[in-house]
Structures are given as structure tokens and as C-alpha cells.
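Accompanying notes for the structure given below.
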Amino acid sequence: MTVGADGARVAFLRSSGPFDPEAALWVSDPLTGAEHLVAPGPIEAYAADRDVRVAAFTRGGRLFRADLAAGTVTAVATGDPVHDPRPDPQGVRIGYVTDPGGSASLRVTGPDGDRLLAGEPGNAWREHGGMIAWGLAGAGAAEFGRTRGWWWSPDGGQVLAVRTAGTTSLHLLDLDDGWVDVHWDRETYPHLAQVRWSGGGPLITVLRRMQQHGLVLSVDPRTGETQVHAELADARWVEPIPGTPRHLPDGRVLVGGELAHDGFDARCLFADGSLLTPPGLYVRRVAGTLPRADGPAGAPDLIVEGSLGDPAAREVFRVRTSLGGGGPEVTRLTTLTGTELATGGDILVADDEVWRGDRRIGTLRSLRAALPYRPEPVLERVTDRRLPAAVLYPTGFVGGGLPVLVTLGDGPGFQEVRAESPAWQQRQWWADAGFAVVSVDPRGTPGVAPSFEKAVHRRLADLALADLVDALRALTGKHPDLDLNRVAAHGRGLGGWLAALAVLRRPEVFRCAVARNPVLDWSTLPRPVAERYLGDPADSAHVYRNHDLTAELAEAGPASPVLVTGPETGLPAELIWIQRQLAA
């Protein structure tokens with residue numbers, strides 16, 4: 001979803017009708033609510049210019065340009081299949097990537113034709129055995145939330161592009177064929193975690209390999225030289241806040257960081273070192289800005305997704321950037337159940353709600369089917385660590401002992417206990433099969449506080465498992481229908497690893513587990529993920545061994561209480577296996 005900078009249009013993807021599964025491109029007038037179909041599907045993704053007048057998308061590798069104001073679509077001729085097309089902020093030219101699976105190149109098409117902007121096709125890294133790529137995010141970028149590999153300048157005259165050749169570098173490319181390198185100590189800070197260029201010069205966040213120290217750098221777009229705006233440091237790992245860093249209209253630089261002293265334990269926002277958010281607000285991301293009616297033009301309010309007091313609730317807040325004498329000022333606007341949050345002009349779109357200032361003025365029409373279940377999980381905070389936990393009973397349950405299914409989802413780093421009905425649909429299916437479904441967010445899970453999330457550094461297996469066991473025992477005080485003699489676990493990915501860990505190391509509590517696509521050997525994970533939790537394998541071999549379940553699972557043999565499945569295995573088959581194990 002994209003809102004134009006003037007607030008006049010909202011572009012989004014939605015199916016063309018209730019029986020059409022393909023996403024199409026739509027545009028809406030946020031003031032009148034009028035919606036128009038611009039381009040039928042299938043469209044997987046699109047990008048728009050600053051005012052959402054022009055959009056670019058692909059079908060089958062072909063490039064299309066959509067005039068969102070007129071509602072017309074034009075095919076753009078290119079010589080190669082197109083990937084990641086993006087109009088410049090003025091909507092004049094479209095940049096795109098070709099050959100992302102090989103030696104990717106960055107090209108630009110517009111009034112002056114189609115031409116190569118950066119690329120080295122056919123060149124190999126002799127020392128690494130791979131291909132040089134331009135415009136791709138690069139290996140490991142997604143682990144920091146960076147999914148892009150190139151950015152337009154605000155005036156459309158330059159492109160900032162990633163070059164991947166064994167290591168990641170950044171380059172400023174002029175459309176008149178000039179270019180400069182972006183300079184920072186790439187050997188000391190190899191991870192390019194964040195890049196943003198929406199006003200002023202580019203801002204980037206770079207991290208050391210072990211992610212315990214980082215720099216927020218401003219880039220001079222003429223010379224490529226960088227200047228340090230802030231340092232990020234943590235003895236365990238640095239966790240940058242999505243949507244930061246960014247330039248505020250008054251020239252200050254917004255940086256996301258953490259406070260863990262003098263009674264503070266929070267993810268916070270700072271503008272040139274001044275604290276903007278209260279310690280109780282856990283900031284998840286910055287989505288944009290909205291003008292403030294009673295404030296200076298250069299100090300709009302920030303639109304922030306976060307949690308205030310309840311980690312299970314994701315809410316939208318206005319955060320004042322013009323500092324007053326009363327300290328940080330935060331206003332709660334609405335709650336979120338999805339992921340869409342976008343701003344432009346004085347318009348905010350949160351999920352399908354359209355807001356103007358502090359007033360909701362409409363909703364985007366939804367064609368989705370009604371959710372099949374109306375789950376009512378009982379949310380708790382248990383043990384002296386106040387672990388977020390929840391119990392979900394079968395529909396119409398009136399009492400009696402129930403076997404327990406502990407759902408672990410995607411595992412460490414992902415919240416399971418959420419106050420959102422869509423998150424509980426599949427779990428209600430499990431509950432209605434005859435389980436008390438229990439979810440626990442052990443230490444290592446975001447949403448509570450930085451210390452809660454990072455306490456697991458180098459000891460995730462021990463602490464996460466201890467929290468699961470302690471939470472189960474604590475829940476029986478308020479939920480006597482939980483039969484702790486019949487406990488199963490279910491998870492996928494790292495959640496599958498945790499499910500298998502629970503059964504193999506605490507068999508007196510967990511009888512069986514289903515591990516879907518589990519990660520059993522942490523050395524197979526992307527390096528940034530493994531090293532964030534477990535440290536450098538060169539000096540932490542014992543830590544990696546403690547988290548490796550390959551040998552333990554093999555030793556269990558054919559009679560293993562862990563069922564390892566893949567995406568081809570359906571939920572009914574997993575359900576039947578768990579029921580048989582608990583009945584044995």
C-alpha cells in the first residue's frame with residue numbers, strides 16, 4: 001500500500017472480485033472513498049513515484065507503466081526480463097534490474113531510451129567463484145530487514161546502488177554516467193543493515209560482523225564521503241528499528257536505539273540525541289510522518305507501530321517531534337491486525353482504515369471471506385519473568401482434562417502471543433480437534449523489552465526451554481483442565497528446532513513433537529542469524545554444539561518421539577500422528 005506525498009491517492013493490491021485469487025492494482029481517492037481498478041492481475045508487486053501518479057510492475061518479466069491518475073497502462077519495451085522496477089520520484093524514468101540469478105545489472109528506461117546504468121555481465125569473482133551483481137539486496141540483507149538493493153535520489157538525478165562481489169559495497173550513480181563510491185570501513189563494518197534516501201543525503205546503518213556495534217552514517221551524494229551521526233552498541237547484539245534512520249524536515253536525523261540503564265529498558269527513538277518516546281513504548285517500526293496542526297511545519301509527528309504496556313497488542317501512535325517542556329508526547333490512534341501502515345500528506349492508512357489527521361474518514365473495501373473461527377484465547381503473564389502466554393480451548397468447551405499442544409510457530413524472534421484474531425485461526429482448528437492449545441513467548445521473543453529479547457545470547461536453548469516448562473507449570477494454577485501428562489509441541493523452522501529440543505531434552509514434560517522443516521544445525525542458517533544468537537563459531541564451538549540436535553535426533557532412531565515433516569505434509573497427518581503418540 002502506498003499513499004502519495006500529496007495525500008491525493010492511495011495505491012494498493014487487491015483481487016478484482018471475490019472469486020478472483022489474483023492481485024490487481026487499484027487506486028483510491030482517500031477523501032471520497034472512490035476506488036478504481038487500474039491493472040488486472042496477476043501483479044505480485046509494484047512501486048510508485050512520490051505522488052502516486054505513476055506505478056511500475058511486471059508480468060512474466062515484461063515491464064508495464066501505469067498512469068494512476070488517468071487509469072491507463074502501457075507496456076514498456078525492454079531487451080531483457082525485468083525485475084524490481086521503480087519509477088523515479090517524478091515518475092519520468094523507470095529503473096529496473098535484469099538477470100537477478102546471475103550477474104545482475106541495473107538499467108534505466110525513459111524519454112531518452114533504455115540504457116545500462118551499472119553492470120558487469122560475464123565477470124566472475126576469481127577469488128569467490130560467483131558473479132558480480134548490481135541492484136540486488138545481497139546475501140544476509142533480509143536478516144536485517146533490508147530487501148532492496150537500489151534507491152532513487154529525491155530529485156531523480158542519481159541512483160544509490162548495492163554492488164555485490166563477495167562483499168557488499170555502495171555506489172552513487174549519476175544518470176549522466178558519473179559515479180562515486182560510498183566510503184566507510186567495510187572491513188570493520190561488513191553488514192549494510194539499513195539504507196534510506198528520502199530527503200537530504202542518503203542515510204545508512206552499518207554493523208560489525210558480530211552485530212554488537214554499529215554506525216549511523218550520512219552520505220555526501222557528491223563525494224560519497226560519510227559522517228557519523230550516531231553509534232549503536234550492545235554487548236549482545238544491536239537491533240536497528242525499521243524505518244530509521246531518516247531525515248526530519250527540520251534537518252535533524254531520527255535514529256532508533258535502546259536504553260538499558262537508569263531504570264530504562266526500552267526501544268526508543270532519538271532526534272539528534274534527544275529522546276522522543278517514553279520508556280514504556282516498545283517501538284517496532286516508524287512508518288512515516290503526519291503534519292501537526294498546532295506544530296511548526298518542520299516538525300511533523302511520527303507515525304509509529306509499537307506496544308505500550310501490552311506486548312500482545314500492536315498499535316499505531318503519533319509521536320511528537322517538536323520537543324516541549326513536558327517530555328515525550330505520544331497519542332494512541334488505532335490497533336493493527338495486519339501489516340499495512342502508510343502515510344502521505346495528511347493521510348494515514350492502517351490496515352484498511354483511512355485516517356485524516358486524528359480522524360478516521362473511511363475504509364478500503366475488502367473482498368476477503370469472513371474468518372472461519374471466532375477464537376477467544378485467554379492471555380496471561382506468568383512466572384516471575386512475566387512471560388506472555390495464552391490458552392485456547394475447543395469451541396464450546398465446558399470442562400474436563402485436555403491434552404496440551406504447545407504451538408511454537410516460527411520460533412525465536414517471532415511472537416506467538418498476539419491479540420489478533422487472524423493469528424489464532426489455525427490454532428483454533430487444533431483446539432477443536434481436542435486440545436488445549438498453549439502459546440508462550442519465552443525470552444528471546446521481541447515485543448516485551450530489549451533485555452527480555454537479548455537475555456538468550458549464547459544460551460538460547462537453555463533459557464527458551466526453561467521458560468516453556470515454567471510457563472506450562474504456572475498456567476495449571478489458573479487452567480486446571482490442562483493435562484500435563486499429555487503434552488505435545490508443534491513448530492516450523494526454528495520453531496521446529498525448539499519443538500524437537502523440548503522433547504529430546506525434557507521428555508518428562510513433552511511426550512512428542514512435530515517439527516516442520518526444522519533447523520537442527522545452526523551452522524546451516526544465514527550467518528547473521530546464527531551469530532546474532534550464538535556468537536562467532538570460531539570461539540563458540542561449544543555453544544553451537546549445545547544448540548545442534550542432529551546427533552540427538554539420529555540417536556533416537558525410528559522410534560523417535562519427534563516427527564520431522566516438510567511442506568508437503570498436511571496438518572491432518574500431523575494431527576493424527578500427535579493423537580496416536582499421546583494415546584500410546
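The values are calculated or read from the model by the stated rules, or taken from the named source; none is laboratory data. Note that this is a predicted model, so its numbers are computed, not measured. For neighbour counting, all protein chains shown are included, and Cβ atoms are generated from backbone atoms with ideal geometry for every residue, glycine included. Heads up: the accessible areas ignore ligands, DNA and RNA and are worked out on the full protein's heavy atoms, side chains in. Shrake-Rupley method; radii C 1.70, N 1.55, O 1.52, S 1.80 Å.
In a shell of Cβ-Cβ distance under 13 Å around A299, excluding A299 itself, what net charge do Lys and Arg (+1) and Asp and Glu (-1) give? Please report the intermediate quantities before stating the final value.
Numbers: positive: R252, R292, R318, R320; negative: D250, D272, D294, D301, E329.
Neighbourhood net charge equals -1.
Quick one: accessible area per residue over region 235-311, 1.4 Å probe, rounded to a whole number of Å²?
36 Å²
With r as the distance between the Cβ atoms of V228 and W179 and R0 = 25 Å, compute the FRET efficiency 1/(1 + (r/R0)^6) and round to 0.05. Working from the Cβ atoms, E equals 0.60. If a/c stays under 1.5 just call it rounded; otherwise compare a/b with b/c (prolate if a/b is bigger, oblate if not). Do that for region 449-564, with a ≥ b ≥ c from the square roots of the Cα gyration tensor eigenvalues. Because a/c hits 1.5 or more and a/b fails to exceed b/c, region 449-564 counts as oblate.
Starting from the Cα gyration tensor of region 2-57, take the square roots of the eigenvalues, sort them a ≥ b ≥ c, and report rounded, prolate or oblate (rounded when a/c is under 1.5, otherwise prolate if a/b is larger than b/c, else oblate).
oblate
As a rough guide to protection, the peptides 418-431, 494-507 ranked by mean Cβ packing within 10 Å, highest first, stand as 494-507, 418-431. Computed with every protein chain present, the accessible area of M1 is close to 60 Å² [probe 1.4 Å].
Take the Cβ-Cβ distance between R209 and A293 as r, set R0 to 60 Å, and report the resulting FRET efficiency rounded to the nearest 0.05.
Values: r = 46 Å, r/R0 = 0.77.
The computed FRET efficiency comes out at 0.85.
Per-peptide packing, taken as the mean over residues of other Cβ atoms within 10 Å, places 304-317, 570-583 in the sequence 304-317, 570-583 from highest down.
Of the chymotrypsin sites (Phe, Trp or Tyr not before Pro) found in region 1-93, those that fall in a DSSP loop while having at most 12 other beta-carbon atoms within 10 Å are F19. Atom-type composition of the exposed protein surface of region 275-422 places 49 percent of the accessible area on carbon and sulfur (1.4 angstrom probe).
Need the full-extension length gain, L571 to D358, defined as separation in residues times 0.36 nm minus the C-alpha distance. One decimal, nm.
Working: separation 213, 0.36 × 213 = 76.68 nm, distance 4.34 nm.
Full extension of this stretch gives 72.3 nm more.
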